[in-house]
Amino acid sequence: MRRNNRRQFEEEKETNKIVLISFSVLVIAILAFVITFVLYRNYLNKQIDLAKRNTSITELEKWKEENSYQASSSMGKTVNEMQETTNEMVNETVEKVAINTSNMQKESVNTQTEVQTAQPQTPSVQEEKVPDPTFIKPVEGEIVVAFAKDTLVYSNTLQEWVTHQGIDIKADKTTIVKAAEEGTVKSIKNDPRYGISVVIEHGSGYSTIYANLLTAEFVKEGEKVKKGQTIGTVGNTATFEIAEDPHLHFEITKEGEYVDPNLYF
């Protein structure tokens, strides 16, 4: 029994081996066929392309031979036409240049005549530059609070650090206040911060402000004043500086900007 089974097993094994070999041969044959087919197809495509290329070259040479004569004739005609056109353009240009030259000569003669007959113009008068005004101190005394536009000074009245757009010149009450420079009185008013104040306009955009006055009855608005002329008296009417001793609060502005009066005395 065992011998029969072993024999049957050997037969099946031999049969499977034959089948595997047959399948392998079949696969190899198919691959060889495919490769051969691809190579043959590429060969045929190359032959076809070569044939097309030869045909195109032959047709091109025939076309050149057929049209060479026509092209030569056309080129000859074109050259002749261009020469004729060029001659016409040259003749027209010469005529235009001659006409323009004649007109220019006529215009030159007319211009020379106009220049000869024209009246000499009176030279324009240059505007005289107005010098900046020079200022004097409106009262003599010690400067107790300096100009502080970009820094801070301590205010005894407000009990805080503040800016100061002018200078405070210490002086007794009723001390005469003089105009620092000649000008025109722009305004006289009782300012809620700086008390009785007088504003005088000067040249070159300058103005002077006299504040904390006791009185300003010596001048009136619109009046022209001279340098050193009395415009008021020192007082203590500025509410923002009421805690300070009697003094003149004095400011100078240029084009509306506050400047340090110490730089102009």
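Would you mind computing, in nm to one decimal, how far apart the modelled labels at Thr163 and Ile18 are, each placed 7 Å from Cα along Cα→Cβ?
Label-label distance for Thr163 and Ile18, simple model: 11.8 nm.
Under 37 °C and 0.692 mPa s, how fast does the stretch 143-263 diffuse according to Stokes-Einstein, given a Kirkwood radius computed over C-alpha pairs? Answer in µm²/s, whole number. Intermediate results must be reported in sequence, preceding the final value.
Values: Rh = 14.3 Å.
Approximately 230 µm²/s, per Stokes-Einstein.
Sort 141-147, 230-236 by the packing proxy (mean of other Cβ within 10 Å over each peptide's residues), most packed first.
230-236, 141-147
Name the trypsin sites (Lys or Arg not before Pro) in the stretch 172-265 that are in a loop by DSSP and that have at most 14 other C-beta atoms within 10 Å, would you?
Details: sites: Lys173, Lys178, Lys186, Lys189, Arg193, Lys220, Lys224, Lys226, Lys227, Lys254; in loops: Lys173, Arg193, Lys220, Lys226, Lys227.
Filter output for the stretch 172-265: Lys173, Arg193, Lys220, Lys226.
Only residues of the stretch 197-226 count here: report those whose backbone N is under 15 Å from the spot 7 Å along Cα→Cβ of Asp132, or say none.
Within reach of a label on Asp132, which here means backbone N under 15 Å from a point 7 Å along Cα→Cβ, the stretch 197-226 contributes 202-208.
Explain nothing, just compute: Karplus ³J(HN,Hα) = 6.51 cos²θ - 1.76 cosθ + 1.60, θ = phi - 60°, for every residue of the stretch 162-169 in order, whole Hz, x for Gly and Pro.
3J(HN,Hα) across the stretch 162-169, in whole Hz: 9, 7, 9, 7, x, 10, 10, 9.
Quick check on my link table: of Lys149/Lys173; Lys173/Lys220; Lys149/Lys227; Lys149/Lys254, which ones sit more than 24 Å apart, alpha carbon to alpha carbon?
On the way: Lys149/Lys173 27 Å; Lys173/Lys220 21 Å; Lys149/Lys227 27 Å; Lys149/Lys254 14 Å.
Cα-Cα > 24 Å for Lys149/Lys173; Lys149/Lys227; rest within.
Could you derive backbone 3J(HN,Hα) for the stretch 251-265 from the dihedral phi with the Karplus parameters 6.51, -1.76 and 1.60 (θ = phi - 60°), listing whole Hz in sequence and x where the residue is Gly or Pro?
10, 10, 10, 10, 6, x, 9, 6, 10, 6, x, 4, 7, 10, 7
What does the net charge come to around Pro261 if you take all other residues with beta carbon closer than 9 Å to its beta carbon, with K and R at +1 and D and E at -1?
Numbers: positive: Lys137; negative: Glu251, Asp260.
For residues surrounding Pro261, the net value is -1.
What net charge do the residues around His164 carry, taking every other residue with its C-beta under 11 Å from that of His164, with Lys and Arg at +1 and Asp and Glu at -1?
Values: positive: Lys149; negative: Asp150, Asp168, Glu241, Glu251, Asp260.
Neighbourhood net charge equals -4.
Just add up the charged neighbours of Tyr194: K/R +1, D/E -1, any other residue whose Cβ is under 13 Å from the Cβ of Tyr194.
Working: positive: Lys189, Arg193; negative: Asp168, Asp191, Glu241, Glu244, Glu251.
In short, -3.
Every read-out reported here was derived from the displayed coordinates using simple, explicitly stated rules and does not represent laboratory data. Treat the numbers as computed from the prediction; the structure is a model and nothing was measured. No Cβ is skipped: glycine too gets one built from the backbone with ideal geometry, and neighbour counts run over all protein chains shown.
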